[in-house]
1. Which ³J(HN,Hα) values in Hz, rounded to whole numbers, follow from the phi angles of region 430-440 under the Karplus curve 6.51 cos²θ - 1.76 cosθ + 1.60, where θ = phi - 60° and Gly and Pro get x?
2. If you take the beta carbon distance between Thr182 and Ser414 as r and set R0 to 51 Å, what does 1/(1 + (r/R0)^6) give as a FRET efficiency, to the nearest 0.05?
3. What ³J(HN,Hα) values, in whole Hz, does the Karplus curve 6.51 cos²θ - 1.76 cosθ + 1.60 give for region 443-452 when θ = phi - 60°, with x put for Gly and Pro?
4. Kindly identify region 23-127 as rounded, prolate or oblate by the Cα gyration tensor criterion: order the square roots of the eigenvalues as a ≥ b ≥ c, call it rounded if a/c is under 1.5, otherwise compare a/b with b/c, prolate if a/b is larger, else oblate.
5. In nanometres, what is the gap between the two model label sites at Lys169 and Glu440, each 7 Å from Cα along Cα-to-Cβ?
6. Holding the Cα-Cα limit at 28 Å, pick out from Lys67/Lys169; Lys151/Lys424; Lys67/Lys142; Lys68/Lys142; Lys151/Lys425; Lys96/Lys424 the pairs that are longer than that.
7. Let me see the P(r) profile for region 379-453: every Cα-Cα distance counted, bins of 5 Å, each bin given as a percent of all pairs.
8. Compute the length gained on full extension between Ile105 and Arg456: take 0.36 nm times their separation in residues and subtract their Cα-Cα distance, giving the result in nm to one decimal.
Amino acid sequence: MAADGFRGDYPYAGVTVVAENRIPEDNSSALIAVETVRDVFAEGVAFGVEDALRDSLLEAAGIICDKKLSGCSAAAIAFSGTHLWYSIAGNCRLYKIDSDGVSCIVHDQSAANRMNISPDHPDYYKRIRELEWWLGSSAPNKPISGHARIKQDTTFVIFTAGGWTQFEKNTTVVHRKGIKKTLGGWLSSLSRDMKLAYRRQGGALGAVSGVKKGSVSSMSWKSMIYMAAFLGLIGFLVFANPFSISSETDVKTDLFSSDSMEEIVQPIVADTVSSIEILEEPGLLSIVSDSLFYTGQEITELTVPDITADLPLQVVQVGGDVPHLSSDTFAVSLNFEPDLQWENFAPGIYAIRGDTASFMLAHVISPAYPGLEILELDRIITVRENGVAESARWLSNLSQDSAASTAVVVETTSSVAGGADWIKKYPVFTNGNRTDRADEAGGFMGDTLPGLPLLRNPRCYRLIVIL
């Protein structure tokens, strides 16, 4: 078997790939598959990533056929920005690990899966070796391909059969908090916990993860997407009993242990009932009563600030469907089709630190966007047509530390950055409503910075929702 990868600089895609030979006598097919995919992406793939990934596996299959080799199973994940593409052939699998647990996204193309045979069936491991299609097969099939989004604290893992058969037996071997250190180290630990080095079949695994490391003000999330591939050590590959069963029971931490997450539970005590009833009146404050969970103090009428003067709050939503938000409270601009060549962002609800209206309303809308984390920024800058040149010069020269706590929304008919590499300094650099609002005055909300060529403007954005 073999495993390798390539990490591309945005907007070029990176890739991780694993492969396993179909029969022990063939020691070349897996290596051809891995090297072909890696080399295609090392040349630079910025557009048509899914097609390039699938075509690279088919190219490897052609080489394997030309050399008259027996073929192999393979799985590959390509990633760019917050997007992920996969392509899988043979008896490899793709898993997703997140707050909902562990789920298999793509199953193996084996007789066992087609016949829906359970692992306790006496012929299960025999049927896993009977492949429906693999790289080098004469059948006219193609790899299973698809697309997903990389979110914070979500990990996608690919396994060869020697890996996922052990993983399926005990998914508690997943140490989620280990990913927060290094993904490569976590993969090594996962391989060690599954004892792949001591199994005759061995196993290869690779992963792509979106991990929040520190606050958004200290590091751009784009720089937190890591790729690693780990090759499980092989004893020797035999076909008589390739899937040895361990009698040991490993006791590991839960997928999300309490010491790896921040968890706040704030019960509503009895003497707060009257204050909640006071808030139940038409208007914004009736919405605030639904968000009591986020405060750490007793709720009284005096602790709920009056933010009606700030309404409607300017919001930009990137991706997703039309939001169901009251126009009396939110003025929403939409960016339905973001372009990762010109934009840089990660999913989340971005609010301005210290901005009461921004912070409160971020929590109010949070239930409407399940799975999105609320992230704080020091400022949100809105660039419109009247300030393109000055803003572009200032933004391109802003220090990494200041940029890491700054979001930029572009609403111009011309390009501000032109896809320049410096937009990666910003946790959010995205388009808003470039058609209807380009003629309005630009500006910023939040804390100012020396030399900022724009003025504070309440008509600029104070909340960003990225799906």
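Taken together, the values in this text are just the output of simple stated rules run on the coordinates, not laboratory data. From a predicted model like this one, the values you see are computed outputs, not experimental measurements. So basically every Cβ, Gly included, is an ideal-geometry build from the backbone, and we count neighbours across all protein chains shown.
1. Once θ is set to phi - 60°, the couplings for region 430-440 become 9, 8, x, 8, 6, 8, 9, 10, 4, 7, 6 Hz.
2. For R0 = 51 Å, the calculated efficiency reads 0.80.
3. Taking θ as phi minus 60°, the curve returns x, 8, 9, x, 6, 7, 9, x, x, 4 Hz for region 443-452.
4. oblate
5. 6.0
6. Exceeds cut-off: Lys67/Lys169.
7. Values per bin, smallest distances first: 3, 17, 32, 28, 15, 4, 0.
8. Once the chain is fully extended between Ile105 and Arg456, it gains 121.7 nm.
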